[in-house]
Amino acid sequence: MAKVTKEMLIGEIINMDINIVPILMGAGMHCVGCPSSQGESLDEACMVHGIETETLVNAINEYLAAKEQ
């Protein structure tokens, strides 16, 4: 099963599944299309946007797990 970690780059996460973009945007990351965001880790992006990293990691991993069922 594919899993996301807080150390992964935003670009890597989006490449896993484009449908993760709405999850990121829903959490307040409206800059996911910005070239510089692609090189940031999920943890770094969460810090910049004041988002709880573990909550977002869990939401993405729940989506990925549900998709595989």
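The values are calculated or read from the model by the stated rules, or taken from the named source; none is laboratory data. The structure displayed is predicted, hence computed values, not measured ones. In this analysis, Cβ positions are derived from the backbone assuming ideal geometry, glycine residues included, and neighbour counts consider all displayed protein chains. We work out accessible area using only protein heavy atoms, side chains counted, and drop any ligands, DNA or RNA first. Shrake-Rupley method; radii C 1.70, N 1.55, O 1.52, S 1.80 Å.
If you take the residues in the range 59-69 that are without any contact (Cβ under 8 Å) to a residue 40 or more places away in the chain and of a type outside the set (A, V, I, L, M), which one is most open to solvent (accessible area, probe 1.4 Å)?
Result: 69.
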How many residues of the range 24-58 are part of a helix (DSSP H, G or I), open to solvent by 40 Å² or more (accessible area, probe 1.4 Å) and either among the polar types (S, T, N, Q) or touching a helix residue (DSSP H, G or I) at 6+ places or on another chain (Cβ under 7 Å) (or both)? The answer is 6
Within the range 9-20, restricting attention to residues that are more than 15 Å from residue 51 (Cβ to Cβ) and not small (Gly, Ala, Ser), which residue is most open to solvent (accessible area, probe 1.4 Å)?
-> 15
